[in-house]
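Novice: Let me begin by handing over the structure; questions about it come next.
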Amino acid sequence: MKNQESGYVYILTNPSFKEDWIKIGKSSRPVDVRSKELDNTAVPLPFEIFATIKTTKYNEVEKIVHKTIDRLTNLRIRQNREFFNVAPQVALDIFRDIATAIDDAEIIEYENNQPIDCETGIASDNKRTVHNSSDSVMSDTASIQFDFWKRFNENAYTDTVFSSMFKLRKPYAQHWYDLSVGSSNFHICMTASRQKRELSVGLYIDSDKSIFYKFQSMSQQIEEELGMKVQWREANKASRFLIERAFDIDDKQTWDDGINWLYKMCCKFKELVEKYK
C-alpha cells in the first residue's frame, strides 16, 4: 500500500488582525502556497506563517489542535471558522505537546515567512531539506544525527531526574532537538553540529524580549548556576541564551558522555525558568 503523503497544520498571523488572533488550518501543499491563496480582497494585508507541523497525520492533528483550544474556553472568533482568539505562542506550545505523541511530526517555526534555523535563530531564504525516519534514503550526516538523537531518547530513562522533568518525542534526522518546559514563552533547543564539532543547549524565549532582558540582567548569576560562559543572542523572534562544548559526533564512543551532559544542562535550564520566570 502506498505511503500516505505528508501535509501541514499551520499557524498564520496577520498584521491587520489583533495580536492574539490567529488562523489554524491544514494543507496538503506547502504552507507558503496556501498562505498566498488566502491573500485576497477579504483581508487588508497578507498572512504570515508563524509555525507548522509537518506529518502524514495532518488531518487528525488539525482536529486535535482545534479541539484542544476549544476545550480551553470559547476562543473561536466565529463558529465553524478556523480563526482563534489565542496568542500564537500558546498555539505553538500546543503544537509541541501534540508532536511528542506523533512519530513523524516535525515542527518548523518561521520568521518573515522563512523557516528559522534553531541553531542560529536566523530565517533562511532557502528552506531546509529535512529527512526523517521514514525516508528510504538518508545522507550520512542525517543518518548519524538521527542515530545520536535516537540514543538520546533510549538512554533518557537511565537519568531519572531528566526523565521526570521532560516529555520526549520521536527523533528525526536533524542537527537539533527541542524540549518543552511547560510554558508558551520558553523552549529548550539542543544542537549536535557535525560541521562545528560541538554540542549546545539554549533557552529560547519566544517573542517577549522583556523576559530575555530580565534573564540577561542576571547573566553573572546564571553563568554561576550553569557553571559555564553564556552566549546571549537577541532576535525579533526566539531570542535566546546558550552554552556550548566541543563534541565530535562522528566519534560514537563520546556519545554517552555528550548525552549525559545534555541531560544535566537541560535540567539546569528548566530550573532557571522555574526559578526566575
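The values are calculated or read from the model by the stated rules, or taken from the named source; none is laboratory data. Keep in mind it's a predicted model, so treat the numbers as computed, not measured. As a convention, Cβ positions derive from the backbone with ideal geometry for all residues, glycine included, and neighbour counts pool all protein chains shown. Note: areas computed on protein heavy atoms with side chains; ligands, DNA, RNA excluded. Shrake-Rupley method; radii C 1.70, N 1.55, O 1.52, S 1.80 Å.
Novice: Given charges of +1 on the Cβ of Lys and Arg and -1 on the Cβ of Asp and Glu, with all other atoms neutral, how large is the dipole of segment 141-255 about its Cα centre, in debye to the nearest 20?
Specialist: 320
Novice: Related question: Answer with one residue from PHE212, SER163, GLY7: the one whose Cα lies farthest towards the positive end of the charge dipole of the chain, charges on Cβ with Lys, Arg +1 and Asp, Glu -1.
Specialist: The residue sitting most towards the positive pole is GLY7.
Novice: If the limit is 31 Å between Cα atoms, which of LYS57/LYS229; LYS167/LYS196; LYS63/LYS252; LYS18/LYS229; LYS23/LYS150; LYS67/LYS264 go over it?
Specialist: Those over the limit are LYS57/LYS229; LYS63/LYS252; LYS18/LYS229; LYS23/LYS150; LYS67/LYS264.
Novice: Helix 58-72 sits at what angle to the longest principal axis of the chain, using alpha carbons and giving 0 to 90 degrees rounded to 10?
Specialist: Its long axis makes an angle of about 90 degrees.
Novice: Convert each backbone phi in segment 192-202 into a coupling constant with the Karplus relation 6.51 cos²θ - 1.76 cosθ + 1.60 (shift: θ = phi - 60°), then list the ³J(HN,Hα) values in order as whole Hz, x for Gly and Pro.
Specialist: 10, 8, 6, 5, 8, 6, 7, 10, 9, 10, x
Novice: Now a separate question. What do you get for the angle between helix 88-99 and the principal long axis of the chain? Use alpha-carbon atoms, 0 to 90 degrees, nearest ten.
Specialist: Once rounded, one gets 70 degrees.
Novice: Also: Test of understanding: in a Gaussian network model of the chain with alpha carbons linked when under 10 Å, which of ARG29, ARG71, ARG245 would top the mean-square fluctuation ranking?
Specialist: ARG71
Novice: Quick one: accessible surface of TRP261, probe radius 1.4 Å, all protein chains present, in square angstrom to the nearest 10.
Specialist: The value for TRP261 is about 30 Å².
Novice: Please say if segment 157-277 is rounded, prolate or oblate, where rounded means a/c under 1.5 for a ≥ b ≥ c the square roots of the C-alpha gyration tensor eigenvalues, and otherwise the choice is prolate for a/b larger than b/c and oblate otherwise?
Specialist: Taking the square roots of the gyration eigenvalues as a ≥ b ≥ c, segment 157-277 is prolate.
Novice: Give, rounded to the nearest 20 debye, the magnitude of the charge dipole that segment 191-277 has about its Cα centre when Lys and Arg contribute +1 at Cβ and Asp and Glu contribute -1 at Cβ.
Specialist: For segment 191-277, the charge dipole is close to 300 debye.
Novice: Additional query: So, for segment 157-217, what is the accessible surface per residue at a probe of 1.4 Å, expressed in square angstrom?
Specialist: 41
Novice: Rounded to a whole number, what % of the accessible area of the chain do carbon and sulfur atoms account for, probe 1.4 Å?
Specialist: 46
Novice: Normalised by the residues of the chain, what does the relative contact order come to in percent, with Cα pairs under 8 Å and at least six apart?
Specialist: 13
Novice: Quick one: Karplus J couplings for segment 4-14, per residue in order, coefficients 6.51, -1.76, 1.60, θ = phi - 60°, nearest Hz, x for Gly and Pro?
Specialist: Residue by residue, segment 4-14 yields 5, 6, 6, x, 10, 10, 10, 10, 10, 10, 8 Hz.
Novice: While we're on this one: Would you indicate which of (1) 57, 43, 39; (2) 56, 52, 35; (3) 74, 57, 40 is the value of Cα extents along the principal axes in Å derived from the coordinates of this structure?
Specialist: This structure yields the entry labelled (2).
Novice: Right, another one. Once you charge only the Cβ atoms, +1 for Lys and Arg and -1 for Asp and Glu, what is the size of the charge dipole of the chain about its Cα centre, to the nearest 20 debye?
Specialist: Value, rounded to 20: 740 debye.
Novice: Also, I was wondering about something else. Angle check, please: helix 140-155 long axis (alpha carbons) against the longest principal axis of the chain (alpha carbons), in degrees 0 to 90, nearest 10.
Specialist: Long axis of 140-155 versus the principal axis of the chain: about 80 degrees.
Novice: I would also like to ask the following. Taking amide H positions as placed 1.01 Å from N in the peptide plane, with prolines and chain starts having none, which residues 5 or more places from PHE186, or on another chain, fall under 5 Å of its amide H?
Specialist: Amide H neighbours of PHE186: ASP206.
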